[in-house]
Every structure is written in C-alpha cells, then in structure tokens.
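Some notes on the structure that comes next.
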C-alpha cells in the first residue's frame, strides 16, 4: 500500500458511519484534502447532488466503514446491497484506510456513496440497518462490550451512516441529518470530498471541501482502493 498525503486543495473519495444506538448524528469541526483523481467526474457528481428532488427520488450521501474481518470486501458487498435495496449509486469514492476514531482498535476501511433513493429518511435508515445486520453487525453485542469496557465506540463489521438526505435538516428520535459528527471525521470528509466536494451543508452553508480544509485534527486517511478496484 502506498500512503497518500492529505493535502489542502487536493482531491477526494467517499465513506459512512452510524451511532451504536442506530441514531445518525450532525456536525461541527472540519478537515483538509486528499489527492484529485478525476476532476470531471467529481464535478458531475456535485451537479447531481445539487439537483432538486425529482421523480420521487432524493440524492443522499451514505458513509460505510468497518474494521472486523475482510473490511474492504464487506464495503464492496454493502455497496451492492445498497444498490439493490436503497437506490441507484451515482458515485462511489475509493476505499480509505483510517485509524480508529475515538477508541483504540484496528484500522478501519471507509467509503462514501452518492445514492438516488425513493425511500423516506427513516425507511432508508431501516434499510441500511437491515444491511448491517445481514453483513454481521450485532448491536446488542456491541452494547454489551461498551458496558463492560466503558468505551463509547467498539470494533464492528460494518457501519452505514446517512450523512446527507438531499438538503433536508432532520431531527427525530431515531435520526439526525446531516450527521452531527461529520465535520470532525476525516474518514467521512476525505472520501466525500473526492466525489462531492462542492455540495453545501444545509445548516452551515459551507461546502464539503471548506469543512474538510478546516479540519485541524491529525490527518491519517489512506486511500487503498479506487472505485474501480485498482490499488
């Protein structure tokens, strides 16, 4: 694997994450760039995501991640199931290798997907959580491990978060969108900037690239696979 530096004003790829309770969250801080691979493709994606809802479809951003078993293979299977059950995947970032965030564990594999869906927000949440279960995520076991260790996060096979749902701001008992911690997470912002750096956060008004460039934490995301599967 070749480590790629994360450089300001460089380019990007995609990812996701979910709270252990099943709730998505929203954001605050921000980060810097990766290396541009295909500027034309990125621009097209930004245009797609900026399009108003039409034909009953909404543009959403999902982030996927995991660090148990063959994490990269699990992300690829998650993308297949999302395409089958949630909607058409219009863009996929490369897969990134990142350090565990908020706890000590093995490195994670992360990816971000731009999807056109007909599902309502909580229907989409139900669908991605069903996919998580099918791919081996056991939230009850995770909760027991957290209770035993006192850790807020634990290793997991797969995590799928709803980062954006169109330009909507959503706060329900089960779901908060945009994801409340996205601006603190390089493992979301690096892949997201790769495919949709120009879209704006519906609450702050900042672009993904601006949020990413503002992130001051140590940058550790490492791209390990391109959307085509090339390393």
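Any read-out appearing in this document is the output of simple, stated calculations on the displayed coordinates, not a laboratory observation. No experiment lies behind these values; they were computed from the predicted model shown.
Taking the empirical scaling 2.2 N^0.38 Å for compact globular proteins as reference, segment 76-137 has a Cα radius of gyration ratio of 1.23. Give the Debye-formula value of log10 I(q)/I(0) at each listed q (0.13, 0.14, 0.27 Å⁻¹), with one equal scatterer per alpha carbon of segment 129-181, two decimals each. After summing over all Cα pairs, the log10 values are -0.42, -0.49, -1.05.
Using every Cα-Cα pair within segment 39-222, state what percent have a distance larger than 20 Å.
Values: 8843 of 16836 pairs.
It works out to 53 percent of all Cα pairs.
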